[in-house]
Amino acid sequence: MDELFFSGNRVEYDESGLYPPLHPRCACAVRYIEVEAPRFSSESKVEDIQILEYNQNELGQTVFPEGDIADFVIENANPGTSITQERINIVNTLSSVPKKVLDAINDGTRIIVGQRSSSGYDYDNDILHIARGASSEDVAHELGHLIDKKLVSRKKADLLIRKAVAGLSVSDVIPAVYYDAIGNPIIIYLVRSNRLVSEYQGRIYVQNSGQAADSNGNIRIDLLKEFVSEIFRRYLPQKQD
């Protein structure tokens with residue numbers, strides 16, 4: 001370009017007001033302009049999570065900033081690897097759930113992030129496992145399992161499941177292939193019913209369809225472990241809207 005230009009925060013070259021090339025073998029045809037880096041607002045969730053990248057305790061655990069989720073700690077399943085996006089998804093999801101859910105998580109739940117497998121909730125040890133690559137929907141679904149364990153009446157949940165699968169048999173159970181967060185294929189079985197809110201809600205984990213029924217030929221309600229969690233996953237986006 002023919003027009004002379006200047007670059008802030010640099011020492012002028014001799015007295016000409018011009019500068020040497022701004023990078024090796026510079027042949028730029030556009031004006032070089034230095035601008036201030038963008039700043040996020042204090043309410044930005046992305047800013048919060050970027051700060052968290054450097055806010056770790058002596059165990060390498062991420063500690064949330066002050067607020068409703070101040071007491072939550074995220075543990076990296078593979079220390080030294082980045083789980084920034086997964087943490088963003090966790091923060092965004094937790095910011096949308098009812099307070100009683102936050103209280104339930106705050107009551108002893110561990111959050112471990114970054115394993116190369118499927119996300120899941122450990123009912124026995126109260127651990128929320130969020131896999132590498134997990135989306136906000138994945139986080140919401142696993143929170144649903146936590147709710148199933150810590151907040152939902154088992155008696156009421158079983159009553160709803162019985163109504164949803166009433167009259168069904170093994171002929172209504174079909175095999176399917178599911179892919180986890182990093183693309184690994186997993187063979188599952190689905191209970192087909194128009195009384196279920198989604199296909200996911202009908203997932204059961206058995207070796208063959210015959211294991212899905214009890215001695216009377218009825219679908220075993222104890223196998224529909226996605227029932228409550230899937231209701232919560234579908235509820236949360238509506239709440240966010």
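The values are calculated or read from the model by the stated rules, or taken from the named source; none is laboratory data. Keep in mind that this is a model prediction, so the values were computed, not measured. Note: ideal-geometry Cβ built from the backbone for every residue, glycine included; neighbour counts use all protein chains shown.
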Of the listed residues (VAL139, VAL113, VAL170), the one being in the same structural domain as GLY210 (by TED's automatic domain parsing), of a type outside the set (Lys, Arg) and without any contact (Cβ under 8 Å) to a residue 60 or more places away in the chain is VAL170
Among the numbered criteria (1) within 30 Å of ALA104 (Cα to Cα); (2) crowded, with 16+ Cβ neighbours inside 10 Å, which one does SER209 miss? (1)
Looking only at segment 184-206, filter to residues that are part of a helix (DSSP H, G or I) and modelled with pLDDT of 90 or more; which one of those is surrounded by the fewest Cβ atoms within 10 Å (Cβ to Cβ)? GLN201
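Can you list the helices (runs of 4 or more DSSP H) found entirely within segment 62-169 that contain at least 2 residues being touching a strand residue (DSSP E or B) at 6+ places or on another chain (Cβ under 7 Å), at negative phi and at pLDDT 90 or above?
84-94, 136-150
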Neighbours by Cβ (under 7 Å, 6+ apart or cross-chain): first from segment 205-228, over 9 Å from VAL170 (Cα atoms); second buried (at least 19 other Cβ atoms within 10 Å of the Cβ) and among the charged types (D, E, K, R): GLU226/ARG203; VAL228/ASP148
Subset of segment 135-179 (residues that are over 20 Å from ALA104 (Cβ atoms) and surrounded by 18 or more Cβ atoms within 10 Å (Cβ to Cβ)): ILE161, ALA164, VAL165, LEU168, VAL173
Condition first: in contact with an Asp or Glu (Cβ under 8 Å, 6 or more places away or on another chain), small (Gly, Ala, Ser), surrounded by fewer than 21 Cβ atoms within 10 Å (Cβ to Cβ) and farther than 15 Å from SER229 by Cβ. Now tell me which residues in segment 96-130 satisfy that. GLY108, SER117
Here are some residues: ARG162, ARG87. Which one is closer than 22 Å to ARG220 by Cβ and in contact with a helix residue (DSSP H, G or I) (Cβ under 9 Å, 6 or more places away or on another chain)? ARG162
